[in-house]
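J.: I have a structure I would like to understand better, so I am pasting it below and will then ask my questions one at a time.
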Amino acid sequence: MRPATPSSCSPGATEHLLSLIKSCAHDSHLRQIHARILRTRSLEEPTISLRFLSRAASASVSGGVTYARRFFSQIKNPSLAEFNAMIRAYSGSDSPAEGLYLYREMRRLGQRTDPLTSSFCVKSCIKMESLTGGLQIHGRIVRDGHQSDSLLLTALMDFYSICYKSEEACAVFDEMPERDTVAWNVLISCYLRNRRTRDVLAVFDAMIGGECGCQPDDVTCLHVLQACNSLNAVEFGGKVHEYIEERGYGDAVKLCNSLITMYSRCGSMDKAFMVFKGMRVKNVVSWSALISGLAMNGRGKEAIEAYLAMLRANVVPDDQTFTGVLSACSHSGLVDEGMLFFEGMSKDFKITPNVHHYGCMVDLLGRAGSLDQAYELILSMSSKPDSTIWRTLLGACRIHRHVTLGERVVWHLTELKAQEAGDYVLLLNIYSSVGDWEKVTEVRKFMKENQIQTTPGCTTITLNGIVHEFTVDDVSHPRQNEIYTMLDEIGSQLKIAGYVPEISSELHNLSSEEKGYRLSYHSEKLAIAFGILATPPGTTLRLANNLRICVDCHNFAKVLSSVYDRIVVIRDRSRLHHFQGGHCSCNDYW
DNA sequence: GTAGGGTTAG
């Protein structure tokens, strides 16, 4: 405890200083206030010091903590509250580690700590992503007997989740004496981060079913919508949408933006539009979400129209808006438009192109066949091109069967030490497309020797809220016999309608017959067969694939959409394909 | 007593 030196400033002066701190709009004014506090010798007035420290802590990142640190160093015997305020300031600043040093200093001095002290330290550890730091704090929490503080434990859970320690996070959750909505939200965000998306939906169901003792709030919905997005679970997303309306969250901009993204990424662009149109306040995120949605769904012209409408609505575009606009151009082959927007973004909006923008441009130029121009663009980048950029170009080399540039790109990837299985698969594709089986064998051998595993293709289809998953040659589904029979039946129907297996999609050097056989059991086809089998005629089939859909499956879906009179929507790694009446929305441009 | 903690859209 600080000796009770009576403050030298009058009550009136104290009031005045407090109101100054309270109304301090700009961080830069903190310096003047600090000087004034020193002048009036009111540093020893705990009310003022605390108010000052917490004001500085909530200041913008770099500036505030400097004022707080300077101020704090002048306090002779800081109280627990003052220590906490200082650690809080550090935890939100660019130097969160300082908070942990101060915490150690407190313990060295024998200063008491409370759950808030630990809470701010956990925040520091989250910012630093320091697992060891967090483990130490966790140990301290237990030793100090603070393990029944729900708020502290929630922060700790979040910490484990961010460090990808979902089991530890769940263990903390299980030990919590009380779990409110925020605690459940952190659990959900932990599941999301650790790819346990199905569990997210289960938790939402449990919450609305009254099993958790608390109802989902707006943040819960944001998380669940993300899960629906990645699961391609548009029905469940619709359920969340209804809940949002029921709870009266319908005007929340963040939620609407999230709905737009979910619907458009699930291929329900009409619903995304409905949400968008219903918004009274639209911000740059809303417009960008709409633009990217249109882009992904292959509606490039409309995406550009939306962009122009956005400008008319006086909403200023940012970097992500341009990512959407440029990807719209690249997905729809709008080369000239893309070039214009790319030049305009830095000239008219002072936005420096980032890797995503360059990625779109490389994609745009590459697909259009201007491979050399795309290569030049990469070399002209001010920042070092990352592996994704090179991969984009490699993809274009595959489309245009450009062997020499493809090899050069792989060399660049090797230099970055960033080669992945997918890169070799693309290289294989290039060699096999020009019939160089010797090289194909060579690459295969290399992959085998270096134990490079390819990502298995996987397709999901959601029926009545249940996600069914298929891999190539899948035999794990309970209805596998029916599915394979159905697939054979579909195959012969489609052949009558003129479908011919596109054997270039099969990379092995086999006879055409064998190639056709191998292709016929791609996961997309299995999922489609299951969909036809399990749903009444007329039902839209919605699939999602983790890779790029191959040419053969694309043809297959096109013909099927006409022969079976079904709408098929397939989401692959980079876009959506709407098949209807024998055509695809992407116009075979992908 | 002062003041202070956890989740969050493209």
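The values are calculated or read from the model by the stated rules, or taken from the named source; none is laboratory data. Everything quoted here is computed from the prediction, not taken from an experiment. Cβ coordinates were reconstructed from backbone atoms using ideal geometry, including for glycine residues, and neighbour counts include every protein chain displayed. For accessibility, only protein heavy atoms count, side chains too; no ligands or nucleic acids. Shrake-Rupley method; radii C 1.70, N 1.55, O 1.52, S 1.80 Å.
J.: Output the residues belonging to segment A:241-260 that are open to solvent by 90 Å² or more (accessible area, probe 1.4 Å) and not in a helix (DSSP H, G or I).
T.: A:Arg247, A:Asp251
J.: Counting only residues that are open to solvent by 40 Å² or more (accessible area, probe 1.4 Å), near DNA strand B (Cβ under 9 Å from one of its atoms) and in a helix (DSSP H, G or I), how many does segment A:127-164 have?
T.: Residues meeting the conditions: 2.
J.: Given the residues A:Arg104, A:Arg55, A:Arg70, A:Arg39, which is the only one that is more than 16 Å from DNA strand B (Cβ to nearest atom) and touching a residue at least 12 places away in the same chain (Cβ under 8 Å)?
T.: Criteria check complete, one pass: A:Arg70.
J.: Here is a follow-up. Could you please find all residues in segment A:261-303 being open to solvent by less than 20 Å² (accessible area, probe 1.4 Å), within 14 Å of DNA strand B (Cβ to nearest atom) and assigned to a loop (DSSP other than H, G, I, E, B)?
T.: Selection gives A:Cys266, A:Met279, A:Asn297.
Residues are listed down the side, and each one gets a yes or a no for (1) in contact (Cβ under 8 Å) with a residue 24 or more places away in the chain; (2) open to solvent by less than 80 Å² (accessible area, probe 1.4 Å); (3) among the aliphatic types (A, V, I, L, M):
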site	(1), (2), (3)
A:Thr404	no, no, no
A:Ala418	yes, yes, yes
A:Asp423	yes, yes, no
A:Lys439	no, yes, no
A:Thr460	yes, yes, no
A:His468	yes, yes, no
A:Asp474	yes, yes, no
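J.: Of all residues in segment A:37-81, which are touching a helix residue (DSSP H, G or I) at 6+ places or on another chain (Cβ under 6 Å), within 13 Å of A:Leu116 (Cβ to Cβ) and at pLDDT 90 or above?
T.: The one that is touching a helix residue (DSSP H, G or I) at 6+ places or on another chain (Cβ under 6 Å), within 13 Å of A:Leu116 (Cβ to Cβ) and at pLDDT 90 or above: A:Ala81.
A quick yes/no check of all residues on (1) part of a helix (DSSP H, G or I); (2) open to solvent by less than 30 Å² (accessible area, probe 1.4 Å):
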position	(1), (2)
A:Glu305	yes, no
A:Ala328	yes, yes
A:Lys347	yes, no
A:Thr352	no, no
A:His356	yes, no
A:Gly366	yes, yes
A:Arg408	yes, no
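J.: Next question. If A:Pro216 meets every condition in (1) of a type outside the set (Val, Ile, Thr); (2) open to solvent by 30 Å² or more (accessible area, probe 1.4 Å); (3) not in a helix (DSSP H, G or I) apart from one, which number is that one?
T.: (2)
J.: Among (1) open to solvent by less than 30 Å² (accessible area, probe 1.4 Å); (2) assigned to a helix (DSSP H, G or I); (3) touching a Ser or Thr at 6+ places or on another chain (Cβ under 7 Å), which single condition is A:Leu30 missing?
T.: Condition not satisfied by A:Leu30: (3).
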